[in-house]
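Reviewing the structure listed below.
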Amino acid sequence: MNLQHVIERRFEPALQSYDWRDSALYALGLGIGSDPLDEDELLYVYEGRPQAAVPSQCVTLGWPAFWHDDPATGIDWMKILHGEESFELHRPLPLAATIRATHRIASVLDKGPGRGALIHFDTEVTDAASGAPLATLHATQFLRGDGGCGSHGTAPAPTPPIAEVAKPSASIEYRTATQAALLYRLVSRDYMPIHADPQVARGGGFERPISHGLNTMGLACRALLKHFSPGHPERMRAMSVRFAQPAYPGDTIRVEMFDQGEEVRFRALAVERGVVVLDRGTCRLGAPLNDR
């Protein structure tokens with residue numbers, strides 16, 4: 001990686017409009033609505049009643065165009081993985097809006113030759129008309145092929161792990177569809193080919209296309225809402241997670257939750273393979289707002 005080029009790179013603000021259909025399609029991309037009698041989840045996919053956006057939809061808004069494959073960066077882009085993601089909502093995510101997103105590279109952490117590098121990427125999402133803040137996002141991108149490039153800035157402190165022997169207070173399982181990644185890439189506008197093209201996936205070291213980490217994060221958000229805040233997505237104020245291992249479309253994902261009051265810790269496992277796919281998860285909840 002050409003460190004100097006990367007840290008000097010500037011990103012144009014992104015404008016994006018979305019409507020109730022986009023919010024419903026995002027929810028469907030998480031498998032929400034799979035039980036047609038589940039009225040808690042009907043809230044996110046049916047416009048015939050008061051409708052709401054899934055809070056984790058904020059991580060799909062205002063993405064910059066994919067820039068890592070620019071030869072000037074020197075990045076081995078086929079070996080990029082999403083390492084961590086967090087969001088903080090400054091108000092409940094609107095069902096429909098036009099947003100403005102600004103981006104910056106906050107820091108680069110060189111793990112050493114053969115060990116890769118981490119890029120810490122910050123995004124501020126605001127209402128395009130009023131300028132009111134909507135969400136603050138932080139992503140960590142793991143560049144597996146770019147160790148030895150040098151570091152820049154100060155990386156944030158890692159979230160403490162959940163003890164392996166900890167017993168969850170609740171768990172929910174979701175069987176994902178075999179075409180889940182193909183659907184999610186359309187509803188999220190994350191078109192990285194590693195989620196669709198078998199040749200690209202094999203070039204990245206995987207046997208087949210992998211699920212988006214943000215899709216698995218969305219499944220965790222779905223489980224947290226279902227267990228801790230059914231019918232009240234506005235209670236979710238913040239969420240963060242580390243992507244431990246890739247999930248595959250078709251995996252059964254078990255979300256394990258550890259209730260600590262206003263803060264909930266969580267992790268997720270691919271049941272059939274016995275692999276932890278999300279760990280170090282944290283969710284912060286607030287009091288419900290007025291009922292709809």
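Odds and ends about this structure:
- Strands (runs of 3 or more DSSP E) completely within segment 52-148 that count 3 or more residues being more than 26 Å from Arg280 (Cβ to Cβ) and modelled with pLDDT of 95 or more: 97-110
- Considered as a group, the residues in segment 149-164 that are at pLDDT below 90 and among the aliphatic types (A, V, I, L, M) include one that is surrounded by the most Cβ atoms within 10 Å (Cβ to Cβ), and that residue is Ala155.
- Subset of segment 226-246 (residues that are in a strand (DSSP E or B) and either over 17 Å from the mean Cα position of the chain (by Cα) or β-branched (Val, Ile, Thr) (or both)): Val241
So that you can scan it fast, the table gives a plain yes or no per residue for (1) surrounded by fewer than 22 Cβ atoms within 10 Å (Cβ to Cβ); (2) within 25 Å of Asp251 (Cβ to Cβ); (3) of a type outside the set (D, E, K, R); (4) out of contact with any Pro (no Cβ under 8 Å at 6 or more places or on another chain):
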residue	(1), (2), (3), (4)
Val6	no, no, yes, yes
Ser17	yes, no, yes, yes
Leu25	yes, yes, yes, yes
Glu47	yes, no, no, yes
Leu81	yes, yes, yes, no
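- Hits in segment 170-204 (condition: free of Cβ contacts under 8 Å to residues at least 24 places away in the same chain, closer than 15 Å to Trp77 by Cα and in a loop (DSSP other than H, G, I, E, B)): Asp197
- Filtered residue count, segment 260-292, keeping only those that are over 29 Å from Leu134 (Cα atoms) and either among the hydrophobic types (A, V, I, L, M, F, W, C) or part of a strand (DSSP E or B) (or both): 5
- Only residues that are of a type outside the set (S, T, N, Q) and in a helix (DSSP H, G or I) were counted across segment 205-225, and they come to 11.
- Verdict on Val54 being crowded, with 17+ Cβ neighbours inside 10 Å, free of Cβ contacts under 8 Å to residues at least 40 places away in the same chain, out of contact with any strand residue (DSSP E or B) (no Cβ under 7 Å at 6 or more places or on another chain) and under 29 Å from Ala196 (Cβ atoms): no
- The listed residue being in contact with a His (Cβ under 9 Å, 6 or more places away or on another chain), exposed (fewer than 15 other Cβ atoms within 10 Å of the Cβ) and small (Gly, Ala, Ser), out of Ala72, Ala96: Ala72
- Residue in segment 101-115 that is touching a Pro at 6+ places or on another chain (Cβ under 7 Å) and surrounded by 17 or more Cβ atoms within 10 Å (Cβ to Cβ) present: yes
- In segment 243-292, the qualifying residues are those that are basic (Lys, Arg) and crowded, with 20+ Cβ neighbours inside 10 Å, and the one that is nearest to Tyr174 (Cα to Cα) is Arg267.
- Across segment 14-32, not a single residue is classified as more than 22 Å from Ala128 (Cα to Cα), at pLDDT below 95 and not hydroxyl-bearing (Ser, Thr, Tyr).
- Which numbered condition Lys167 fails, given (1) basic (Lys, Arg); (2) part of a strand (DSSP E or B); (3) surrounded by fewer than 16 Cβ atoms within 10 Å (Cβ to Cβ): (2)
- The residue that is farthest from Ala135 (Cα to Cα), counting only those in segment 247-259 that are part of a strand (DSSP E or B) and of a type in the set (A, V, I, L, M, F, W, C), is Ile253.
- Tally, over segment 20-41, of residues that are closer than 12 Å to Lys226 by Cβ and in a helix (DSSP H, G or I): 3
Conditions tested, residue by residue: (1) touching a His at 6+ places or on another chain (Cβ under 7 Å); (2) of a type outside the set (D, E, K, R).
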position	(1), (2)
Asp110	no, no
Ser130	no, yes
Gly145	no, yes
Tyr184	yes, yes
Ala201	no, yes
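The values are calculated or read from the model by the stated rules, or taken from the named source; none is laboratory data. Source: prediction; values computed, not measured. In this analysis, Cβ positions are derived from the backbone assuming ideal geometry, glycine residues included, and neighbour counts consider all displayed protein chains.
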